[in-house]
Amino acid sequence: MTPYAAVIFDLDGTLIDTERRLMEAGAEVLAELGYEVERSFLTSLVGIDASVGYARLRAHIGTGFDEAAFSKVWHGAAERAFATGVPTMPGVETLLDRVAYLPKAIATNSRTASAREKVAAAGLGRHFADRHILGCDSVPAAKPAPDVYLAAADSLGVAPGRCLAFEDSAAGVTAALAAGMVVVHIPDMAPAAGVQAHHRADTILDGARAAGLID
């Protein structure tokens with residue numbers, strides 16, 4: 001018997017394998033526009049919401065950064081990157097099938113409409129009702145604030161302390177911990193150093209076992 005009343009997942013880099021493709025698309029667009037940006041800097045943007053990411057990019061590149069031009073070209077590149085579908089992370093579909101009996105939600109720093117589109121494109125729509133897919137635009141503050149995790153728990157009618165959260169980024173782990181949840185950290189692209197989740201694993205299935213969600 002699981003000790004959890006619900007499971008809440010981050011989306012990009014946790015359920016779906018998007019972070020790497022998005023970073024590659026961003027790097028290509030920046031190069032096309034004549035901006036030299038280190039991959040290590042782009043990796044540091046993983047897991048934060050778009051407004052903060054753009055602010056950091058402006059500060060890093062300087063006054064010559066044409067945000068409008070970058071945004072227009074980058075969105076086109078991102079669409080092309082997922083033209084053939086959105087892949088899931090290893091073990092995700094197996095885990096979701098095994099915990100089909102539990103209430104589930106998604107708490108993401110993507111915008112809600114985009115998150116719902118990606119969930120559908122990845123073929124995960126049967127596991128998550130739209131009302132349980134919450135993005136950063138549905139709450140006052142994005143991760144690392146706990147707002148989106150608290151809202152996800154509320155959407156399920158479950159106390160945050162009875163939820164297990166899965167995350168890949170430092171900002172997400174911080175948010176879920178602040179919400180009072182048990183947190184499994186599965187680092188994807190973002191550095192893992194300094195992040196103190198309850199459990200850390202290489203895959204979502206290993207993390208679920210470590211947390212006692214599955215055998």
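All of the numbers you see were taken from the coordinates with simple rules; none came from a lab. What you are looking at is a predicted structure, and each value in this text was computed from that prediction instead of being measured. Neighbour counts are summed over all protein chains in view; Cβ atoms, including those assigned to glycine, are modelled from backbone coordinates with ideal geometry.
What net charge do the residues around Val29 carry, taking every other residue with its C-beta under 14 Å from that of Val29, with Lys and Arg at +1 and Asp and Glu at -1?
-3
Taking the range 57-147, which chymotrypsin sites (Phe, Trp or Tyr not before Pro) meet the DSSP loop condition and have no more than 16 other C-beta atoms within 10 Å? Intermediate values should be presented prior to the final figure.
On the way: sites: Phe65, Phe70, Trp74, Phe82, Tyr101, Phe128; in loops: Phe65, Phe82, Tyr101, Phe128.
Answer in residue order: Tyr101.
So between Ala5 and Gln196, what do we pick up on full extension, going 0.36 nm a residue minus the alpha carbon distance?
Numbers: separation 191, 0.36 × 191 = 68.76 nm, distance 2.27 nm.
Full-extension gain reported as 66.5 nm.
Summing +1 for each Lys or Arg and -1 for each Asp or Glu, what net charge is found among the other residues whose Cβ lies under 9 Å from the Cβ of Gly172?
Around Gly172, the surrounding residues sum to -2.
About its Cα centre, what dipole magnitude does the chain give when the only charges are +1 on Lys and Arg Cβ and -1 on Asp and Glu Cβ, stated in debye to the nearest 20?
440
Give the whole-number value, in cubic angstrom per residue, of the convex hull volume spanned by the C-alpha atoms of the chain. Can you show the working numbers first?
Working: hull volume 23.6 nm³, N = 215.
Per residue, the Cα convex hull of the chain comes to 110 Å³.
So how strong a dipole does the range 19-81 carry about its Cα centre when Lys and Arg Cβ are +1 and Asp and Glu Cβ are -1, to the nearest 20 debye?
For this selection, approximately 100 debye.
Counting only DSSP beta bridges with both residues in the chain, what percent are antiparallel, rounded to the nearest 5?
On the way: 1 of 17 bridges.
The answer is about 5 percent antiparallel.
Taking the Cα atoms of the range 19-81, report the difference between the largest and smallest coordinate on each principal axis, in whole Å and largest first.
29, 22, 20
Give the range of the longest stretch in the chain that excludes all GluC sites (Glu not before Pro) found in loop regions by DSSP and having at most 10 other beta-carbon atoms within 10 Å. Numbers along the way, then the final one.
Numbers: sites that count: Glu36, Glu38.
Longest stretch, sites excluded: 39-215.
Per residue and in Å³, how big is the convex hull formed by the alpha-carbon atoms of the range 107-215?
Cα-based convex hull of the range 107-215, divided per residue, equals 105 Å³.
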